[in-house]
Amino acid sequence: MSIIAFVPARCGSKSIRLKNIRLFCGKPLLYWCLNALQHAEKVDRMVVATDCHEIASCVEDFKFTKLSIFHRDERNARDTSSTEDVMLEYLNSGKFSQEDLFILVQATNPFSTSGDFAAAIAKFHSDSFDSMLSCCRVKRFLWTENGQPLNYQYQQRPRRQDFPGSMMENGAFYLNSIGNILKSGNRLEGKIGIYEMPSYTALELDEEDDWLQGEYLMRKYVLTNGTSKNIRLFLSDVDGVLTDAGMYYTEHGDELKKFNTYDGMGFQLLKKKGIKVGIITREDRELNRRRAKKLGLDFHFHGVDDKLELVQNLCRELGINLQEVAYIGDDINDKELLEAVGIAACPSNARNSIKTIPGIIRLTTAGGSGAVRELVETFLQHGIKT
């Protein structure tokens with residue numbers, strides 16, 4: 001049995017011209033799903049069905065060994081054409097085994113990974129489904145236009161943490177046998193299974209605002225998985241990152257700062273992975289030194305005006321480059337370093353000039369509340385490489 005991945009990509013787009021090959025996180029949009037499919041071991045072939053020379057030329061430049069182009073009929077590339085139309089056109093164009101597995105993949109949801117495809121295929125077979133679709137769990141209370149609740153009883157409103165939510169199609173991919181598709185004329189049929197994906201995959205790229213949000217989500221959840229960058233050194237700013245940026249004084253004039261123990265454990269988790277860790281701060285305070293020593297950090301630099309220059313010198317000493325450095329900062333004096341390192345991140349309370357740095361990971365946690373820990377757990381969740 002063969003497994004064929006099919007990716008429709010027409011020229012026309014009402015909202016964004018040539019959307020399928022517009023740059024998304026530095027690569028044409030189609031690249032992301034095709035790259036995941038190329039590295040999905042169980043996928044034998046992937047087909048891009050297009051009516052467009054520009055799209056065909058672009059994807060051929062990827063040099064993916066599994067890739068072929070299907071030049072779809074212009075009748076099946078109109079605004080009124082359905083995806084099923086072009087699927088059936090392709091399946092009727094050649095000889096296929098009825099038992100072959102067909103995966104319809106949509107480029108407008110670029111968050112699918114090779115692991116998702118492998119897991120979905122395994123679940124499809126193990127649970128003996130006739131067809132399957134990808135979904136994400138949405139914890140929203142849904143109503144009809146006529147004022148009828150769809151997924152809960154308003155008289156007994158559940159707490160969000162107790163509410164199971166509802167499964168929503170995220171448009172990432174669908175699995176079915178070729179025989180079922182030819183028989184039913186539809187991507188889904190028979191006993192239908194669900195492959196659940198994370199909630200951030202609910203976003204599909206159709207409008208300009210989707211693009212901005214999508215790039216942020218892609219960088220936060222997918223591109224931090226270490227596939228393109230090895231981390232050898234992790235550094236953090238202090239005030240506004242490890243603290244809440246507040247300055248506390250006693251009646252006797254003693255200075256206090258509030259650190260978060262979750263961040264301390266985050267440093268320890270990285271050290272266990274063999275990653276050098278440290279802090280770098282413009283302030284020169286003894287209490288920062290005491291905190292660094294208590295955590296057993298490899299490096300702690302104080303009273304630093306030019307953070308980038310210092311880290312460049314440190315990289316030379318360690319025999320690494322800036323692309324192997326991760327740094328989290330929150331204010332303008334962190335900007336140069338954040339723009340230069342391999343992975344840059346900021347807490348939710350960072351200044352806007354920092355949040356808008358291209359490619360920066362904008363965390364949901366504020367400084368002093370575990371922002372470093374959130375970033376570390378993101379690394380570990382996606383299999384950090386050292």
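Nothing in this text is a laboratory measurement; each read-out follows from the coordinates by a stated rule. Just so you know, these numbers come straight off a predicted model, no measurement behind them. Note that we place each Cβ from the backbone using ideal geometry, even for glycine, and neighbour counts take in every protein chain shown.
Assorted remarks:
- Gap separating the Cα centres of the stretch 264-286 and the stretch 202-221, nearest whole Å: 31
- GNM remark for the chain: springs join alpha carbons under 10 Å apart, and the peak mean-square fluctuation among Thr261, Thr50, Thr144 falls on Thr144.
- Overall, the ratio between the Cα radius of gyration of the stretch 59-138 and 2.2 N^0.38 Å, rounded to two decimals, is 1.28.
- Contact order, relative form, for the stretch 45-140: 19 percent (alpha carbon pairs under 8 Å, 6 or more residues apart, mean separation divided by residue count).
- All-pairs Cα distance distribution in the stretch 3-222, expressed in whole percent, bin size 5 Å: 1, 7, 14, 17, 19, 17, 12, 7, 4, 2, 1, 0
- Cross-link table Lys272/Lys307; Lys27/Lys355; Lys220/Lys271; Lys294/Lys355; Lys272/Lys294; Lys139/Lys276, entries beyond 28 Å C-alpha to C-alpha: Lys294/Lys355; Lys139/Lys276
- Note that the stretch 233-381, at 10 °C in a medium of 1.306 mPa s, gets a Stokes-Einstein diffusion coefficient of 104 µm²/s from its Kirkwood radius over C-alpha pairs.
- For the chain, the longest principal axis of the C-alpha atoms and the axis of helix 286-295 are separated by about 50°.
- Tilt relative to the chain, helix 114-126 - C-alpha long axis, 0 to 90 degrees, to 10: 50
- Pairwise centroid distance, computed over Cα atoms, of the stretch 12-71 with the stretch 295-319, Å: 42
- Here r is the Cβ-Cβ distance between Gln155 and Ile192 and R0 is 30 Å; the resulting FRET efficiency, rounded to 0.05, is 0.45.
- The C-alpha atoms of the chain define a longest principal axis, and helix 208-217 lies at about 60 degrees to it.
- Lone cysteines, the chain (no partner Cβ under 4.7 Å): Cys25, Cys33, Cys58, Cys135, Cys136, Cys315, Cys346
- Beta bridge orientation in the chain: antiparallel %, DSSP, nearest 5: 30
- Relative to the compact-globule estimate of 2.2 N^0.38 Å, the Cα radius of gyration of the stretch 179-225 comes out at 1.67.
- FRET E, pair Phe141, His252, Förster distance 51 Å, beta-carbon r, rounded to 0.05: 0.45
- Estimated from helical segments only, the mean residue ellipticity of the chain at 222 nm is -8500 deg cm²/dmol, where each DSSP H run of four or more residues counts as -39500 (n - 2.57).
- Listed peptides 23-35, 73-85 by packing density, highest first (mean Cβ within 10 Å): 23-35, 73-85
- A Cα-only calculation for the stretch 119-268 places Rg and Dmax at 23.6, 83 Å.
- Short-range pairs are left out: with C-alpha atoms under 8 Å and at least six residues apart, the relative contact order of the stretch 3-222 is 24 percent.
- Contact order normalised by residue count of the chain, Cα under 8 Å, 6+ apart, percent: 14
- Looking at the stretch 178-220, the GluC sites (Glu not before Pro) that sit in a DSSP loop and have at most 15 other Cβ atoms within 10 Å of their own Cβ are Glu207.
- In units of the rule-of-thumb radius 2.2 N^0.38 Å, the chain shows an alpha carbon radius of gyration of 1.17.
- Taking the DSSP beta bridges with both ends in the stretch 109-221, the antiparallel portion is around 55 percent.
- Dipole of the stretch 3-222 computed with +1 at Lys/Arg Cβ and -1 at Asp/Glu Cβ about the Cα centre; of Ile178, Thr113, Ser166, farthest Cα towards the positive end is Ser166.
- All lysines inside 24 Å of Lys183 as judged from Cα atoms, apart from same-chain residues fewer than 8 positions distant: Lys95, Lys123, Lys191
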